Amino acid sequence: MRILIVGNLGYVGPVVVQHLRSRFPRAELIGFDTGLFAHCLTGTGQLPEIALNAQYYGDIREFPPSLLRGVDAVAEAIGRAEAELRSTWRQMGVGFAAVVVAT
Ligand SMILES: NC(=O)c1ccc[n+]([C@@H]2O[C@H](COP(=O)([O-])OP(=O)(O)OC[C@H]3O[C@@H](n4cnc5c(N)ncnc54)[C@H](O)[C@@H]3O)[C@@H](O)[C@H]2O)c1
């Protein structure tokens, strides 16, 4: 199973990643984030990216559709309005994925 986590480098995102890693240890976890807070660590443990199989940097508004190849589910933690997110993913053809919006 391949899961994309958008906004994985914020406050909530790393917790979502840790949960997914423990719940689905064999899943391929892919992070996508602007890296806005990449220099702001709130702990002295390992960097949050270590729980991922791959980390990509960019803006969701310019999301490369190729990253959706083989993705079974998308978890969102970037703090944008739900309707706007749904519209963004719909434009990319993400009809098959579960979009989880942290509110
Ligand atoms: N922090 C909390 O205690 C808390 C509690 C409950 C719910 N929430 C919700 O969880 C969600 C995330 O909150 P947070 O505190 O982790 O926010 P945050 O600002 O700490 O993290 C958001 C992450 O999304 C990334 N991001 C923002 N815009 C982006 C874009 N256009 N493209 C790609 N990446 C982008 C940022 O770089 C950042 O890493 C929000 O919807 C918030 O309302 C937060």
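Computed from the coordinates by the stated procedures, all read-outs in this text should not be read as laboratory data. All figures in this text were calculated on a predicted structure; none of them were measured in a lab. Note that each Cβ is placed from the backbone with ideal geometry, even for glycine, and that neighbours are counted across all protein chains shown.
Only residues that are closer than 12 Å to G7 by Cα, in contact (Cβ under 8 Å) with a residue 40 or more places away in the chain and in a loop (DSSP other than H, G, I, E, B) were counted in region 32-53, giving 0.
In region 48-71, how many residues are more than 13 Å from the ligand (Cβ to nearest atom) and exposed (fewer than 14 other Cβ atoms within 10 Å of the Cβ)? Even if it seems obvious, please write down each step before you answer.
So the first thing to find is which residues in region 48-71 are more than 13 Å from the ligand (Cβ to nearest atom), and the list is 50-54, 65-66, 68-71.
Among the residues that remain, those that are also exposed (fewer than 14 other Cβ atoms within 10 Å of the Cβ) are: 50, 53-54, 65-66, 69-70.
Counting residues in region 48-71 that are more than 13 Å from the ligand (Cβ to nearest atom) and exposed (fewer than 14 other Cβ atoms within 10 Å of the Cβ) gives 7.
Listed by first and then second residue, the pairs linking a residue in region 1-16 that is farther than 13 Å from Q55 by Cβ to a residue that is aromatic (F, W, Y) and more than 6 Å from the ligand (Cβ to nearest atom), with Cβ atoms under 9 Å apart and 6 or more places separating them unless they lie on different chains, are M1/F24; I3/F24.
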